[in-house]
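Notes follow the structure.
The values are calculated or read from the model by the stated rules, or taken from the named source; none is laboratory data. Keep in mind it's a predicted model, so treat the numbers as computed, not measured. Here the Cβ is made from the backbone with ideal geometry for all residues, glycine too, and neighbour counts use every protein chain on show.
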Amino acid sequence: MKLERVELLHVALPLVTPFRTSFGTMTSKDTFLLRVVTDVTEGWSEFAADPQPLYCSEFVAGAEIVIRDFLLPRVAALPEPTTALVAPAMASVKGHELAKAALETALLDAELRAYGMSFATFLGSVHERVPAGVSVGIKNSVPELLDDVERYLAEGYVRIKLKIEPGWDIEPVRAVRERFGDALPLQVDANTAYTLADAEHLRGLDDFGLLLIEEPLEENNLHAHARLQKRLATPVCLDESIHSARDAASAIAMDACRVVNVKPARVGGYPGARRIHDVAAAHGVPVWCGGMLETGIGRAPNLALAALPGFTLPGDTSASGRYFAEDITEPFVLKDGHLPVPTAPGIGVDPLPDVLARFTTRTEVLYT
Ligand code: OSB
Ligand code: MG
């Protein structure tokens, strides 16, 4: 397989509803896709982060430079840009897991398409469909939240995640429990909005039988999460703090978390995500597949990952319609609360050319 061309397509897709978290409000998904062309086939991927470094340190404009100036030259120097060689070739560049994941995933897609092999087969998926959860943003009022949750449950979502922040935590959780009952699988995500000084307040969440509380404290502070976990019955789940299998091993050993949110982009790509799955499974720690409001290009391989045996909790792998009126790929549609795992070679989906053209704001040729 010979690398012939790499294109970066900036895309902007309006969200069907604003998505508010403790770190900001998003009204559209602004990111880029990578298209790699080899002598045999082509491959696609989606950069997972946003134009601003508010969820994580990486951002769209920075990632474009990192890929163009630092990652691609290393990959282009390889005799063959195969997945096994690409990660070690990029390793001398520090950090930038999401940028690395974007390049590695596009190359992996191309490689697997050449073999006629799906991501599901490559990763070792064991299910044909995966249960879908939904991440519900912070709302202006509790009645507004209850309406949204009711609608998602009517659509079939099997698990609800509520975004929380100081001032929007115990009351919305209590209201959802009172309205929809104790059997509803329910969890919360703080996106680093609290400190250890809030431990006593967060203990109030223990009354509601939550599956987990996601990333309550600051990113990378495993020690503080371990101290918090000592005081909470609710399992702590880490998202932002886990960048590698080594982080997952440390966090589990310290009891800084009892569940792991696996986002392939955050951990440098799919092989890295599978390693976290393996480490967690070896410790009996459940994992689930997170999301970054991806288009179908990013969602398709996430569904393959979510079908690995250790992914025992529903993910944030929602249907296209939860995010976009029109997706860049054929839409993923919920059926009995599940989404199908793509079976076609590579990521298993392609951008619809006319839709892609309408949502593309700028194209750069990074390599030719
Ligand atoms: O923390 O999991 C998060 C979206 C963007 C950035 C961070 C997060 C999220 C979500 C939504 O919670 C996940 C999704 O539905 O794709
Ligand atoms: Mg999260």
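Among the residues of the stretch 37-82, what is the count of those that are hydroxyl-bearing (Ser, Thr, Tyr), surrounded by fewer than 18 Cβ atoms within 10 Å (Cβ to Cβ) and within 21 Å of Phe122 (Cα to Cα)? The qualifying residues number 1. Taken as a whole, the stretch 313-321 holds no residue that is surrounded by 17 or more Cβ atoms within 10 Å (Cβ to Cβ), within 16 Å of ligand 2 (Cβ to nearest atom), part of a helix (DSSP H, G or I) and not assigned by TED's automatic domain parsing to the domain that holds Glu58.
Contact map, the stretch 42-68: first residue among the charged types (D, E, K, R), second residue outside any loop (DSSP other than H, G, I, E, B) and within 12 Å of ligand 1 (Cβ to nearest atom), Cβ cut-off under 6 Å, separation 6 or more or different chains; pairs are Glu46/Gly298; Glu58/Leu98. Looking only at the stretch 289-307, decide whether some residue is surrounded by fewer than 19 Cβ atoms within 10 Å (Cβ to Cβ) and assigned to a loop (DSSP other than H, G, I, E, B). Among the residues of the stretch 289-307, not one is surrounded by fewer than 19 Cβ atoms within 10 Å (Cβ to Cβ) and assigned to a loop (DSSP other than H, G, I, E, B), which makes the answer no.
From the list Arg68, Arg74, the lone residue that is more than 26 Å from Gly137 (Cβ to Cβ), outside any strand (DSSP E or B), basic (Lys, Arg) and touching a helix residue (DSSP H, G or I) at 6+ places or on another chain (Cβ under 7 Å) is Arg74. Scanning the stretch 201-252 for residues that are within 16 Å of ligand 2 (Cβ to nearest atom) and of a type in the set (Gly, Ala, Ser), we see that the one that is nearest to Arg266 (Cα to Cα) is Ser241.
Looking at Thr312, Thr317, Thr329, just one residue is in contact with a helix residue (DSSP H, G or I) (Cβ under 6 Å, 6 or more places away or on another chain), within 19 Å of Trp288 (Cα to Cα) and hydroxyl-bearing (Ser, Thr, Tyr), and that residue is Thr317.
For beta carbons closer than 7 Å, sequence separation of 6+ or different chains, a first residue in the stretch 174-185 that is exposed (fewer than 13 other Cβ atoms within 10 Å of the Cβ) and a second that is outside any helix (DSSP H, G or I) and not aromatic (Phe, Trp, Tyr), the qualifying pairs are Asp182/Gly209. When we screen Pro309, Pro301 for residues that are under 12 Å from the mean Cα position of the chain (by Cα) and outside the structural domain of Val11 (by TED's automatic domain parsing), the only hit is Pro301.
Among the residues examined, Ala282 does not qualify as in contact (Cβ under 8 Å) with a residue 24 or more places away in the chain and either away from ligand 1 (no atom under 16 Å from the Cβ) or surrounded by fewer than 17 Cβ atoms within 10 Å (Cβ to Cβ) (or both).
Please verify whether Gly133 is buried (at least 20 other Cβ atoms within 10 Å of the Cβ), in contact (Cβ under 8 Å) with a residue 60 or more places away in the chain and either among the charged types (D, E, K, R) or over 30 Å from Val40 (Cβ atoms) (or both), treating the condition exactly as stated. Yes; evaluated as a whole, the condition is true for this residue. In the set Glu128, Glu144, only one residue is surrounded by fewer than 16 Cβ atoms within 10 Å (Cβ to Cβ) and touching a residue at least 12 places away in the same chain (Cβ under 8 Å); that residue is Glu128.
Looking at Pro88, Pro14, Pro79, just one residue is modelled with pLDDT under 95 and either more than 16 Å from ligand 2 (Cβ to nearest atom) or under 20 Å from the mean Cα position of the chain (by Cα) (or both), and that residue is Pro79. Is it the case that the stretch 113-125 has a residue that's in contact with a Gly (Cβ under 6 Å, 6 or more places away or on another chain), assigned to a strand (DSSP E or B) and of a type outside the set (D, E, K, R)? Yes, some residue in the stretch 113-125 is in contact with a Gly (Cβ under 6 Å, 6 or more places away or on another chain), assigned to a strand (DSSP E or B) and of a type outside the set (D, E, K, R). For the stretch 81-112, a residue qualifies if it is among the charged types (D, E, K, R), part of a helix (DSSP H, G or I) and under 22 Å from Pro53 (Cα atoms), and the qualifying residues are Glu97, Lys100, Glu104.
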